[in-house]
Amino acid sequence: MPKRNSINVDDVPYQYKNRRLQIRKSYTSPDFSSHTVLTDDIFTYIDFYFSSHKKAMKYRNPTVSKIKYGDEKKYHYSFYWKQAMSFYKAAKILPMESVPLVSYYSMLNAVKAFLAFKCDYIEDFVEDFKRHGLFENTSISGNELSTIHVGRQNKGVFVLFGRMLEQDFDTIWAGGRQNTVPLKKLLYNLAFIHRAYITTYNTPRGTRVPELFIPVKTTQAPCYYKGNDSNLYLKFEVDHSLFGVAPASITIAYANSISSKFKISDDNNFLLQSVNGAKRNQDSLSSEFKNENDELRREFQYIRSSKKLWYLKRTALKHPEVMNLNSMLIIMAAMHRVSEIVRYKPEQMAHLLNSKENWLLHEFLTLALDQFIDELAAEITGQDIMCAGVK
């Protein structure tokens with residue numbers, strides 16, 4: 001069990017450049033000094049962001065590469081982003097049986113825009129853009145989500161994306177035909193459909209699926225506070241009211257399934273703090289702090305909403321379905337696999353939409369694209385982008 005924390009911290013969050021210092025939506029490059037952006041048209045906003053942060057597309061070796069790959073401009077990130085927007089609009093008007101195909105291609109082009117924007121040279125991504133990086137395991141392909149598998153290749157858009165988001169991507173999800181993952185496992189690891197997952201697989205007198213996500217109390221993201229040792233500590237309180245039991249009971253039940261990066265506070269209110277706070281001032285944030293924040297960010301997921309809905313993931317839960325991978329990668333892999341079913345086995349899709357798993361699949365297909373674009377937009381800008389009202 002995580003040790004209790006005897007460090008006293010301030011009552012108000014630490015201020016950095018007149019803003020509270022907190023966990024941000026961006027997974028790899030949060031901009032702690034930026035304002036929250038409010039918009040219900042995220043595609044137009046990112047297009048504006050691209051035009052405000054112009055970057056020339058260029059070859060590392062133009063003499064050779066231009067002959068091989070053609071004009072640099074055709075790989076421009078704005079082109080891929082507009083393609084993603086076109087497929088997104090189509091997804092909003094198509095029937096459920098067709099949605100996975102255009103949703104996946106919206107995600108694919110959005111990721112291409114992200115990679116083209118972030119990579120220094122066209123050679124860094126152009127070969128990967130020729131393939132998806134995901135494949136179907138045809139030897140395991142049934143009529144339940146647990147028997148429909150997806151694997152990752154050694155090259156492709158998905159693989160380059162995974163390596164950019166996760167330093168240990170190849171360890172978490174190794175390539176090869178023997179390392180495919182069932183759709184059921186992927187969906188278990190997504191906070192925005194977790195309630196649908198639990199409801200689908202829990203049975204009145206039998207199976208009880210362990211809750212993987214613990215809601216963070218209040219509408220604020222987990223914040224950093226200054227301790228009496230002058231270090232910064234990540235501090236937040238879980239919403240124990242949703243569990244129907246006392247905070248002490250939650251502590252006993254969940255402590256061992258939470259990362260050892262956290263300690264439980266002395267007030268027994270399941271307040272968690274990072275054990276590796278870093279000394280900071282109000283004018284700068286060191287690489288030490290940023291590295292620590294990157295590690296702590298991986299312990300959380302959020303749900304796209306007009307409010308800030310954060311969840312602590314039980315990353316240390318000893319359960320075969322737990323997969324500690326960035327949620328965008330999980331969404332993309334799952335959507336790719338469902339899109340293949342739509343393209344090649346529409347009768348299988350019809351079966352799934354009429355099975356006991358229909359609500360879970362429906363929730364995923366309805367919410368996944370908006371969740372994915374929201375997360376990717378944060379990754380592109382480093383900003384927290386909030387919708388004024390969820391449509």
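The values are calculated or read from the model by the stated rules, or taken from the named source; none is laboratory data. Computed from a predicted model, the values in this text were never measured in an experiment. All Cβ positions, even for glycine, are placed from backbone atoms using ideal geometry, and neighbour counts span all protein chains on display. Surface accessibility is based on the protein's heavy atoms, side chains included, excluding ligands, DNA and RNA. Shrake-Rupley method; radii C 1.70, N 1.55, O 1.52, S 1.80 Å.
Checked against (1) closer than 17 Å to LEU325 by Cα; (2) in a helix (DSSP H, G or I); (3) touching a helix residue (DSSP H, G or I) at 6+ places or on another chain (Cβ under 8 Å); (4) open to solvent by 10 Å² or more (accessible area, probe 1.4 Å), PHE158 passes all but condition (4). Among the residues of region 1-39, the ones that are at pLDDT below 90, of a type in the set (Val, Ile, Thr) and either in a strand (DSSP E or B) or open to solvent by less than 80 Å² (accessible area, probe 1.4 Å) (or both) come to 2 in all. In region 98-111, the residue that is surrounded by the most Cβ atoms within 10 Å (Cβ to Cβ) out of those that are among the small types (Gly, Ala, Ser) and assigned to a helix (DSSP H, G or I) is SER103. Screening the candidates GLN167, GLN178 for the property of being within 30 Å of PRO215 (Cβ to Cβ) and either modelled with pLDDT under 95 or surrounded by 14 or more Cβ atoms within 10 Å (Cβ to Cβ) (or both) yields one hit, GLN167.
Any chance you could count how many residues in region 331-347 are more than 18 Å from ASP374 (Cβ to Cβ), crowded, with 18+ Cβ neighbours inside 10 Å and out of contact with any strand residue (DSSP E or B) (no Cβ under 6 Å at 6 or more places or on another chain)? Number of matching residues: 4. If the condition is being open to solvent by 10 Å² or more (accessible area, probe 1.4 Å) and outside any loop (DSSP other than H, G, I, E, B), then region 117-126 contributes PHE117, LYS118, GLU123, ASP124. Of all residues in region 128-152, those being part of a strand (DSSP E or B) and within 21 Å of THR171 (Cα to Cα) number 8.
Per the listing PHE129, PHE135, PHE114, the residue uniquely among the aromatic types (Phe, Trp, Tyr) and open to solvent by less than 10 Å² (accessible area, probe 1.4 Å) is PHE114. For MET328, indicate whether it is more than 20 Å from ASP229 (Cβ to Cβ) and surrounded by 20 or more Cβ atoms within 10 Å (Cβ to Cβ). Taking the combined requirement at face value, the residue satisfies it.
Tallying residues that are more than 15 Å from GLU123 (Cβ to Cβ) and either modelled with pLDDT under 95 or open to solvent by 60 Å² or more (accessible area, probe 1.4 Å) (or both) within region 50-97 yields 18. Looking only at residues in region 195-220 that are closer than 30 Å to PHE32 by Cβ and surrounded by fewer than 20 Cβ atoms within 10 Å (Cβ to Cβ), the one that is modelled with the lowest pLDDT is THR219. If I filter region 125-133 for residues that are under 22 Å from the mean Cα position of the chain (by Cα) and within 23 Å of ASP47 (Cβ to Cβ), do I get at least one hit? Yes, the conditions are met somewhere in region 125-133.
The single residue among LYS74, LYS82, LYS68, LYS89 that is part of a helix (DSSP H, G or I) and over 24 Å from ASP128 (Cα atoms) turns out to be LYS89. Could you list all residues from region 202-223 that are in contact (Cβ under 8 Å) with a residue 60 or more places away in the chain, part of a loop (DSSP other than H, G, I, E, B) and of a type in the set (A, V, I, L, M, F, W, C)? LEU212, ALA221 - these are the residues of region 202-223 that are in contact (Cβ under 8 Å) with a residue 60 or more places away in the chain, part of a loop (DSSP other than H, G, I, E, B) and of a type in the set (A, V, I, L, M, F, W, C). Here LYS185 clears all of (1) outside any helix (DSSP H, G or I); (2) closer than 26 Å to GLU299 by Cα; (3) open to solvent by 30 Å² or more (accessible area, probe 1.4 Å) except the condition numbered (1). All but one of (1) open to solvent by 10 Å² or more (accessible area, probe 1.4 Å); (2) more than 26 Å from THR366 (Cβ to Cβ); (3) at pLDDT 95 or above hold for PHE192; state the number of the condition that does not hold. Among (1) open to solvent by 10 Å² or more (accessible area, probe 1.4 Å); (2) more than 26 Å from THR366 (Cβ to Cβ); (3) at pLDDT 95 or above, PHE192 violates only (2).
A count restricted to region 297-327 and to residues that are modelled with pLDDT of 95 or more, within 18 Å of GLU166 (Cβ to Cβ) and among the aliphatic types (A, V, I, L, M) stands at 3.
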